[in-house]
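Novice: Here it is, the structure in full.
The values are calculated or read from the model by the stated rules, or taken from the named source; none is laboratory data. Since this is a predicted model, take the numbers as computed values, not measurements. All Cβ positions, even for glycine, are placed from backbone atoms using ideal geometry, and neighbour counts span all protein chains on display.
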Amino acid sequence: MTTASVTQNFQGSRSLPKWLAPTLLAVAILASFSINSALASSNPEATQLNLFAVALVAVITYSIGFYLASRIIEGQRKSADRLVTILVTGAFALAVVPLISLAWTVVERGAARFDIDFFTFSMRNVVGAGGGAYHAIIGTLEITGLATLISVPIGIMTAIYLVEYGRGALARAVTFFVDVMTGIPSIVAGLFAYAAFVVIFGPGVRMGVGGAIALSVLMIPVVIRATEEMLKIVPNELREASYALGVPKWLTVTKVVLPTALAGIATGVMIAIARIIGETAPLLIIAGFTASTNFNPFDERMMTLPVFVYTSYANQGSDAQTYIDRAWTGALVLMLIVMILNIIARLVSKYFSPKG
Amino acid sequence: MSMRIELSSLNVYYGSFLAVEDINMVIEPNSITAFIGPSGCGKSTLIRTLNRMHEVIPGAYVKGNLTMNGEDIYSPSVDPVKVRRQVGMVFQRPNPFPTMTIKENVLSGYRLNNNKMSKSDADALAEKALKGANLWNEVKDRLDRPGSSLSGGQQQRLCIARAIAVEPEVILMDEPTSALDPISTAAIEDLAIELKEKFTVVIVTHNMQQASRISDMTAFFTIADTGLPGKLIEYDRTDNIFSNPKEKQTEDYVSGRFG
């Protein structure tokens, strides 16, 4: 083929020049800034420029301008693509902004009391400044740990039953009640645990282990669901390969299916822990609140971090600011614990997932 | 040692659906028997009844007689797990255990059954099984790599090594080469011919050249229509099936004039 016969079938599509996007953005910001300044000066109540409004107007102006420019220069197909890209990115930004804002606020305000004292002192005999959440951290770790010890075996075994053994009416009933349990309000779980303990120990009972049981009620369905999904994605060929080697079913489940799904199950358990570690209402009812450190979950009241945050804010003492500071730091510590658990889950799934 | 398998008036069901009807045949020891026929004719269903893998599917069961060296493997006192230890199986798609290394995969028949063995015994057994599957030279330097790091053909030979490591009497192969390239297929076919020295080999295949190349006996199955049970049309020596079939349907199928 000679060069003379080259056709132009694939030519002719124009794209936006590179300088257009930054220029449009600068223009949009300038325009938004001037509009907002004008509005602010005409309104005597506005003391300063609202930066959020500036950003919002700038983004909207930029999106519309960019879409129109693309529509004129590039044509309908490409401009539709750009419009959808803008909408999806916008939705993502809208979802992330509150998250970053929340994390930043907690870190900023919690930093004031993020010191050694906070991790080594309880609130016993503390009025006003000082004190810490040692008792609440101990309580949260013990109660959440106990709840995990109760929930994980029950949850994993139920999921194994549902996926590997369950047939017929019983399996359908279990699935149905797991769905129902997922929707139980946490306060109802707390009342359930309280009622159960009142039957055994009499009215007015307060125990850390009661809190653990209330949290298990919330945690078990989450563990079952996560484990079930992980067991379902283990390929059936692996089970058949194991049966064909003359391996009985229970050994196939424990030595082939569970190890293959282990990484996913570990992640699911961590998510379940993160879900319950911040629960306040049930612990307020059954674990109660106290200013002293209590190591024994089977005797008397136990403080936990969410309840610590709540009571610090709800019952401010004479020096209100110190209570509010402690509440923010309590929230920060809770967030850090959840973050550490998530990092552990990541590491577990990295090192235990099937390699290949 | 290998086993003689006799099927008489065997009907295979999925729930109320009769999938394979009235099979009567004798599979000879130390030979390769090939099952051929169109898709859905019940070849795979039938081969899975030979090691009681069929009943793993909920609602599936078998009626009739199936004996191995005269012993009825469907008698109520027989544990299907014991049958599967004598009758190894290789599947259509290679399925090594992803959490295990190459060596652990070969030894999985023992390890998964909680059988303890010394390290030297384990090493010797792994080497013997991998040599038996013609894989030893390719993997001897990387026995501790994951089984899934091998190529498809190597994975399939790893699965054969895993099946022969437990020293069964019978090896079943359900379309073992349908997911493999011609070179890997040739390797598996050579291996199958070596395996019949020691085992009874039954192979399901869609590839008629493959059946004529490696098998001693060939069984042709077909179905009259969808929803009807699969039937054994003709069972004879392979050269007879391909050069001088007695049935018109067999002739049409092996000469490509089917349907």
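Novice: Name, by its number, the condition in (1) more than 14 Å from every other protein chain (Cβ to nearest Cβ); (2) more than 22 Å from B:T45 (Cα to Cα); (3) polar (S, T, N, Q); (4) surrounded by 16 or more Cβ atoms within 10 Å (Cβ to Cβ) that does not hold for B:N137.
Specialist: B:N137 satisfies every listed condition except (4).
Novice: What about A:L87, is it hydrophobic (A, V, I, L, M, F, W, C) and either assigned by TED's automatic domain parsing to the domain that holds A:D325 or under 29 Å from A:P17 (Cβ atoms) (or both)? Full working, then the answer.
Specialist: Numbers: hydrophobic (A, V, I, L, M, F, W, C): yes; either assigned by TED's automatic domain parsing to the domain that holds A:D325 or under 29 Å from A:P17 (Cβ atoms) (or both): yes.
In short, yes.
Novice: Now for a different question. Among the residues of region B:114-129, is there at least one that is in contact (Cβ under 8 Å) with a residue 60 or more places away in the chain, more than 9 Å from chain A (Cβ to nearest Cβ), in contact with a helix residue (DSSP H, G or I) (Cβ under 7 Å, 6 or more places away or on another chain) and more than 21 Å from A:K255 (Cβ to Cβ)? Talk me through it step by step, then tell me what you get.
Specialist: Applying the first criterion (in contact (Cβ under 8 Å) with a residue 60 or more places away in the chain) to region B:114-129 yields none.
No: zero hits.
Novice: Looking for something out of contact with any Cys (no Cβ under 7 Å at 6 or more places or on another chain) and more than 23 Å from A:P248 (Cα to Cα) - is there at least one such residue anywhere in region B:55-64? Before the answer, list the steps.
Specialist: Taking region B:55-64 first, the residues out of contact with any Cys (no Cβ under 7 Å at 6 or more places or on another chain) are B:55-64.
Of the ones still in play, those that are also more than 23 Å from A:P248 (Cα to Cα) are B:63-64.
The answer is yes, given that some residue of region B:55-64 is out of contact with any Cys (no Cβ under 7 Å at 6 or more places or on another chain) and more than 23 Å from A:P248 (Cα to Cα).
Novice: Is at least one residue of region A:219-237 within 14 Å of chain B (Cβ to nearest Cβ), within 25 Å of B:L50 (Cβ to Cβ) and part of a helix (DSSP H, G or I)?
Specialist: Scanning region A:219-237 turns up at least one residue that is within 14 Å of chain B (Cβ to nearest Cβ), within 25 Å of B:L50 (Cβ to Cβ) and part of a helix (DSSP H, G or I).
Novice: Go over the candidates A:A291, A:A281, A:A320, A:A287 one by one and state the one that is more than 14 Å from every other protein chain (Cβ to nearest Cβ), modelled with pLDDT under 90, under 26 Å from A:L141 (Cβ atoms) and surrounded by fewer than 19 Cβ atoms within 10 Å (Cβ to Cβ). Step through it out loud before you land on a result.
Specialist: Numbers: A:A281 fails: modelled with pLDDT under 90; A:A320 fails: under 26 Å from A:L141 (Cβ atoms); A:A287 fails: surrounded by fewer than 19 Cβ atoms within 10 Å (Cβ to Cβ).
Result: A:A291 is the single residue among A:A291, A:A281, A:A320, A:A287 that is more than 14 Å from every other protein chain (Cβ to nearest Cβ), modelled with pLDDT under 90, under 26 Å from A:L141 (Cβ atoms) and surrounded by fewer than 19 Cβ atoms within 10 Å (Cβ to Cβ).
Novice: Take A:A241 and decide whether it is within 14 Å of chain B (Cβ to nearest Cβ), of a type outside the set (S, T, N, Q), on the phi < 0 side of the Ramachandran plot and out of contact with any helix residue (DSSP H, G or I) (no Cβ under 6 Å at 6 or more places or on another chain).
Specialist: Values: within 14 Å of chain B (Cβ to nearest Cβ): yes; of a type outside the set (S, T, N, Q): yes; on the phi < 0 side of the Ramachandran plot: yes; out of contact with any helix residue (DSSP H, G or I) (no Cβ under 6 Å at 6 or more places or on another chain): yes.
In short, yes.
Novice: Further question on the same structure: Residues A:G264, A:G288, A:G330: which one is part of a helix (DSSP H, G or I) and within 30 Å of A:T105 (Cα to Cα)? Spell out the reasoning first.
Specialist: Values: A:G264 fails: within 30 Å of A:T105 (Cα to Cα); A:G288 fails: part of a helix (DSSP H, G or I).
Criteria check complete, one pass: A:G330.
Residue by residue, here is whether (1) at pLDDT below 90; (2) touching a strand residue (DSSP E or B) at 6+ places or on another chain (Cβ under 8 Å) holds:
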| residue | (1), (2) |
| --- | --- |
| A:V198 | no, no |
| A:G204 | yes, no |
| A:A244 | no, yes |
| A:V269 | no, no |
| A:I277 | no, no |
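Novice: Something else: Considering only region A:190-246, state which residues are without any contact (Cβ under 8 Å) to a residue 24 or more places away in the chain and closer than 16 Å to A:E164 by Cβ.
Specialist: Within region A:190-246, A:P235, A:N236, A:E237, A:L238, A:R239, A:E240, A:A241, A:S242, A:Y243 qualify.
Novice: Oh, and also: Name the single residue, out of those in region A:254-266 being among the aliphatic types (A, V, I, L, M) and within 11 Å of chain B (Cβ to nearest Cβ), that is surrounded by the most Cβ atoms within 10 Å (Cβ to Cβ). First the steps, then the outcome.
Specialist: Applying the first criterion (among the aliphatic types (A, V, I, L, M)) to region A:254-266 yields A:256-258, A:261-263, A:265-266.
Adding the requirement that they be within 11 Å of chain B (Cβ to nearest Cβ) leaves A:256-258, A:261-263.
Numbers: A:V256: 24, A:V257: 21, A:L258: 18, A:A261: 26, A:L262: 17, A:A263: 20.
Checked region A:254-266; the qualifying residue surrounded by the most Cβ atoms within 10 Å (Cβ to Cβ) is A:A261.
Novice: Within region A:307-350, restricting attention to residues that are of a type in the set (S, T, Y) and touching a residue at least 12 places away in the same chain (Cβ under 8 Å), which residue is nearest to A:V257 (Cα to Cα)? Explain how you work it out, then say what you get.
Specialist: Our first condition is that a residue be of a type in the set (S, T, Y); within region A:307-350, this holds for A:310-313, A:318, A:322-323, A:329, A:349.
Remaining after also requiring touching a residue at least 12 places away in the same chain (Cβ under 8 Å): A:310-313, A:318, A:322, A:329, A:349.
Working: A:Y310: 43, A:T311: 46, A:S312: 47, A:Y313: 48, A:S318: 59, A:T322: 53, A:T329: 43, A:S349: 16 Å.
The extreme case among them is A:S349.
Novice: With B:A192, B:A161 as the choices, which residue is within 30 Å of B:R257 (Cβ to Cβ) and assigned to a helix (DSSP H, G or I)?
Specialist: Numbers: B:A161 fails: within 30 Å of B:R257 (Cβ to Cβ).
Step by step, each of B:A192, B:A161 is checked, and only B:A192 is within 30 Å of B:R257 (Cβ to Cβ) and assigned to a helix (DSSP H, G or I).
Novice: Quick one: how many residues across region B:190-206 are over 19 Å from B:R4 (Cβ atoms) and surrounded by 20 or more Cβ atoms within 10 Å (Cβ to Cβ)? Steps first, please.
Specialist: Looking only at region B:190-206, we keep the residues that are over 19 Å from B:R4 (Cβ atoms), and these are B:190-191, B:193-194, B:204-206.
From what's left, surrounded by 20 or more Cβ atoms within 10 Å (Cβ to Cβ): B:191, B:204-205.
Final tally of qualifying residues: 3.
Novice: Follow-up question, since we're still on this one. When you check A:R167 against the structure, is it surrounded by fewer than 21 Cβ atoms within 10 Å (Cβ to Cβ) and without any contact (Cβ under 8 Å) to a residue 60 or more places away in the chain, yes or no?
Specialist: yes
Novice: Right, something else. Could you tell me which of the residues A:G183, A:G204, A:G211 is in contact with a Ser or Thr (Cβ under 9 Å, 6 or more places away or on another chain), over 26 Å from A:P259 (Cα atoms) and more than 14 Å from every other protein chain (Cβ to nearest Cβ)?
Specialist: On the way: A:G183 fails: in contact with a Ser or Thr (Cβ under 9 Å, 6 or more places away or on another chain); A:G204 fails: in contact with a Ser or Thr (Cβ under 9 Å, 6 or more places away or on another chain).
Matching residue, one of A:G183, A:G204, A:G211: A:G211.
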